[in-house]
1. Give the distance, in whole Å, between the Cα centre of segment 7-53 and the Cα centre of segment 70-104.
2. Consider a paramagnetic label point 7 Å from the Cα of Glu51 along Cα→Cβ; state which residues of segment 7-40 have an amide N under 16 Å from it.
3. Could you pull the Rg and Dmax for segment 7-101, using just the Cα atoms, both in Å?
4. Which angle from 0 to 90°, rounded to the nearest 10, does the C-alpha axis of helix 48-58 make with the longest principal axis of the chain?
5. With contacts defined as alpha carbon pairs under 8 Å and 6 or more residues apart, what's the relative contact order of the chain in percent?
6. Counting each DSSP H run of 4 or more residues in the chain as -39500 (n - 2.57), what helix-only mean residue ellipticity at 222 nm follows after dividing by all residues, to the nearest 500 deg cm²/dmol?
7. Rolling a 1.4 angstrom probe over the protein heavy atoms, how many square angstrom per residue are accessible across segment 7-101?
8. Among 17-25, 61-69, 2-10, 77-85, what's the highest-first ranking by average C-beta atoms within 10 angstrom per residue?
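The values are calculated or read from the model by the stated rules, or taken from the named source; none is laboratory data. Model, not experiment: these values are computed from the prediction. Please note: Cβ atoms are built from the backbone with ideal geometry, for glycine as well, and neighbour counts cover all protein chains shown. For accessibility, only protein heavy atoms count, side chains too; no ligands or nucleic acids. Shrake-Rupley method; radii C 1.70, N 1.55, O 1.52, S 1.80 Å.
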Amino acid sequence: FRFKDSLAEDLRGADLVISHAGAGSCLEALEKGKPLVVVINEKLMNNHQLELAKQLHRDGHVVCCNCSTLVETLQSMDLTALKPFPPGQPEKFALFLDKVVGFQ
(Lines give C-alpha, C1' and ligand atoms only; values in the text may rest on other atoms or scores of the structure.)
Protein backbone atom coordinates (compact mmCIF):
# COMPACT_ATOMS: atom_id res chain seq x y z
CA PHE A 1 0.00 0.00 0.00
CA ARG A 2 1.25 3.50 -0.68
CA PHE A 3 -0.82 5.01 2.13
CA LYS A 4 -3.73 3.82 4.21
CA ASP A 5 -5.14 5.30 7.42
CA SER A 6 -5.06 1.91 9.14
CA LEU A 7 -3.90 -1.58 8.32
CA ALA A 8 -5.75 -3.16 11.25
CA GLU A 9 -8.44 -4.79 9.11
CA ASP A 10 -5.89 -6.08 6.61
CA LEU A 11 -3.76 -7.49 9.42
CA ARG A 12 -6.73 -9.27 11.01
CA GLY A 13 -7.38 -11.15 7.78
CA ALA A 14 -3.76 -11.87 6.89
CA ASP A 15 -2.17 -15.31 7.03
CA LEU A 16 1.27 -13.79 6.37
CA VAL A 17 2.61 -10.24 6.48
CA ILE A 18 5.45 -9.04 4.26
CA SER A 19 6.71 -5.65 5.38
CA HIS A 20 9.62 -3.26 5.47
CA ALA A 21 11.50 -3.23 8.76
CA GLY A 22 9.94 -0.11 10.25
CA ALA A 23 9.44 -0.49 13.99
CA GLY A 24 5.73 0.36 13.89
CA SER A 25 5.01 -2.03 11.05
CA CYS A 26 6.93 -4.89 12.66
CA LEU A 27 5.45 -4.44 16.11
CA GLU A 28 1.89 -4.10 14.84
CA ALA A 29 2.12 -7.37 12.89
CA LEU A 30 3.89 -9.22 15.70
CA GLU A 31 1.43 -7.99 18.35
CA LYS A 32 -1.39 -9.39 16.19
CA GLY A 33 0.41 -12.76 16.17
CA LYS A 34 0.96 -12.76 12.41
CA PRO A 35 3.95 -14.48 10.81
CA LEU A 36 6.17 -11.74 9.46
CA VAL A 37 8.67 -11.59 6.61
CA VAL A 38 10.76 -8.45 6.98
CA VAL A 39 12.32 -7.07 3.80
CA ILE A 40 15.28 -4.85 4.59
CA ASN A 41 15.86 -1.68 2.60
CA GLU A 42 19.64 -1.79 2.29
CA LYS A 43 19.80 1.71 0.76
CA LEU A 44 18.85 3.58 3.94
CA MET A 45 21.51 5.61 5.70
CA ASN A 46 22.06 4.85 9.40
CA ASN A 47 19.96 1.77 8.84
CA HIS A 48 18.04 1.30 12.09
CA GLN A 49 15.65 -0.97 10.13
CA LEU A 50 18.50 -3.39 9.51
CA GLU A 51 19.36 -3.46 13.21
CA LEU A 52 15.74 -4.09 14.23
CA ALA A 53 15.17 -6.77 11.58
CA LYS A 54 18.36 -8.63 12.49
CA GLN A 55 17.53 -8.59 16.20
CA LEU A 56 13.95 -9.80 15.64
CA HIS A 57 15.36 -12.51 13.38
CA ARG A 58 18.01 -13.54 15.95
CA ASP A 59 15.26 -13.74 18.57
CA GLY A 60 13.28 -16.05 16.24
CA HIS A 61 10.27 -13.76 15.72
CA VAL A 62 10.58 -12.94 12.00
CA VAL A 63 11.94 -14.21 8.72
CA CYS A 64 14.37 -11.67 7.30
CA CYS A 65 15.52 -11.04 3.73
CA ASN A 66 16.21 -8.30 1.20
CA CYS A 67 14.50 -7.52 -2.09
CA SER A 68 16.79 -9.74 -4.12
CA THR A 69 16.21 -12.79 -1.89
CA LEU A 70 12.46 -12.37 -1.23
CA VAL A 71 11.24 -15.02 -3.69
CA GLU A 72 13.80 -17.56 -2.50
CA THR A 73 12.93 -16.77 1.12
CA LEU A 74 9.20 -17.26 0.52
CA GLN A 75 9.88 -20.62 -1.15
CA SER A 76 12.15 -21.96 1.59
CA MET A 77 10.90 -20.38 4.85
CA ASP A 78 9.60 -22.44 7.76
CA LEU A 79 6.99 -20.37 9.58
CA THR A 80 6.53 -23.09 12.21
CA ALA A 81 9.99 -22.20 13.56
CA LEU A 82 8.91 -18.64 14.46
CA LYS A 83 8.50 -17.82 18.15
CA PRO A 84 5.53 -15.76 19.36
CA PHE A 85 6.39 -12.17 20.18
CA PRO A 86 5.92 -11.49 23.92
CA PRO A 87 3.18 -9.02 24.84
CA GLY A 88 4.17 -5.51 25.82
CA GLN A 89 4.39 -4.51 29.46
CA PRO A 90 3.57 -0.80 29.56
CA GLU A 91 3.30 -0.81 33.34
CA LYS A 92 7.02 -1.67 33.62
CA PHE A 93 7.88 1.20 31.29
CA ALA A 94 5.69 3.56 33.32
CA LEU A 95 7.46 2.51 36.54
CA PHE A 96 10.84 3.05 34.86
CA LEU A 97 9.81 6.56 33.74
CA ASP A 98 8.50 7.37 37.22
CA LYS A 99 11.87 6.34 38.66
CA VAL A 100 13.86 8.34 36.10
CA VAL A 101 11.75 11.46 36.56
CA GLY A 102 11.84 11.09 40.36
CA PHE A 103 8.22 10.25 41.17
CA GLN A 104 9.36 7.25 43.22
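1. Here the two parts' Cα centres lie 12 Å apart.
2. In segment 7-40, the label zone of Glu51 (backbone N under 16 Å from the point 7 Å along Cα→Cβ) covers 21-24.
3. 14.8, 50
4. For helix 48-58, the angle is close to 80 degrees.
5. 21 percent
6. Calculated from helices alone, the mean residue ellipticity at 222 nm is -12000 deg cm²/dmol.
7. Roughly 69 Å² per residue, with all protein chains present.
8. Working: 17-25: 15.9, 61-69: 17.6, 2-10: 8.4, 77-85: 11.6.
Sorting 17-25, 61-69, 2-10, 77-85 by mean packing, highest first, produces 61-69, 17-25, 77-85, 2-10.
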